[in-house]
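Undergrad: My questions will all concern the structure given below.
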Amino acid sequence: MAHTDQETTQSKVERKVENMDQDKKEQILADFDTFKNYLNDKIAVGKRVGLGEEQLALAAEKVADYLAKHEEPKNREEKLLQELWKVGDKEERHKLAHMLVKLVD
């Protein structure tokens, strides 16, 4: 059951990121503090609907994976995150996702 919930959460996150308006994406990514605030808002929503830290980290992992593959970094912080994401293995990326959740929470 938990695995199914995890897959549902991940697919929702993926669809949401892929379908986001390009202008809105640009606005969120233009400034690292704006990005952190946006991520914080989404984590707060996730917590309100009952997501735990692991599910939040998995969602953050999905977003980070999408951004690393499809978006150019707009600032130094995003560039650093993208570089760390690219060199990390699956376990390191998962830990980085946990750290991102902690950073903005």
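Undergrad: How large is ³J(HN,Hα), in whole Hz, for each residue of the stretch 83-90 in order, when computed from phi with the Karplus curve 6.51 cos²θ - 1.76 cosθ + 1.60 and θ = phi - 60°, using x for Gly and Pro?
TA: Those phi angles translate into 5, 4, 4, 5, 8, x, 7, 4 Hz.
Undergrad: Then there's this: Let's test the formula: R0 of 25 Å, r as the Cβ-Cβ distance of Asp21 and Asp105. What FRET efficiency results, to the nearest 0.05?
TA: Working: r = 26 Å, r/R0 = 1.02.
Given R0 = 25 Å and the Cβ-Cβ separation, E is 0.45.
Undergrad: Quick one: Karplus J couplings for the stretch 28-36, per residue in order, coefficients 6.51, -1.76, 1.60, θ = phi - 60°, nearest Hz, x for Gly and Pro?
TA: 5, 7, 4, 9, 5, 5, 5, 4, 5
Undergrad: Please list, in order along the stretch 62-72, the HN-Hα scalar couplings obtained from phi with the Karplus expression 6.51 cos²θ - 1.76 cosθ + 1.60 (θ = phi - 60°), rounded to whole Hz, x for Gly and Pro.
TA: 3J(HN,Hα) across the stretch 62-72, in whole Hz: 4, 4, 4, 5, 4, 4, 4, 8, 10, 10, 7.
Undergrad: Can you tell me, using C-alpha contacts under 8 Å and at least 6 residues apart, the relative contact order of the chain as a whole percent?
TA: On the way: 70 pairs, mean separation 39.3, N = 105.
Rounded, it is 37 percent for the chain.
Undergrad: Right, something else. Counting helices only, and only those DSSP H runs with n ≥ 4, report the 222 nm mean residue ellipticity of the chain as the sum of -39,500 (n - 2.57) divided by its residues, in deg cm²/dmol to the nearest 500. Don't skip to the end; give the middle numbers.
TA: Values: 6 runs with 87 residues, N = 105.
It comes out at -27000 deg cm²/dmol, rounded to the nearest 500.
Undergrad: With unit charges on the beta carbon (Lys/Arg positive, Asp/Glu negative), name the residue among Val45, Gln27, His94 whose Cα is farthest towards the positive pole of the charge dipole of the stretch 2-104.
TA: The residue sitting most towards the positive pole is Val45.
Laboratory data are not the source of any read-out in this text; all were calculated from the coordinates shown. No experiment lies behind these values; they were computed from the predicted model shown. Every residue, glycine as well, gets a Cβ built from its backbone with ideal geometry; the counts of neighbours run over all protein chains shown.
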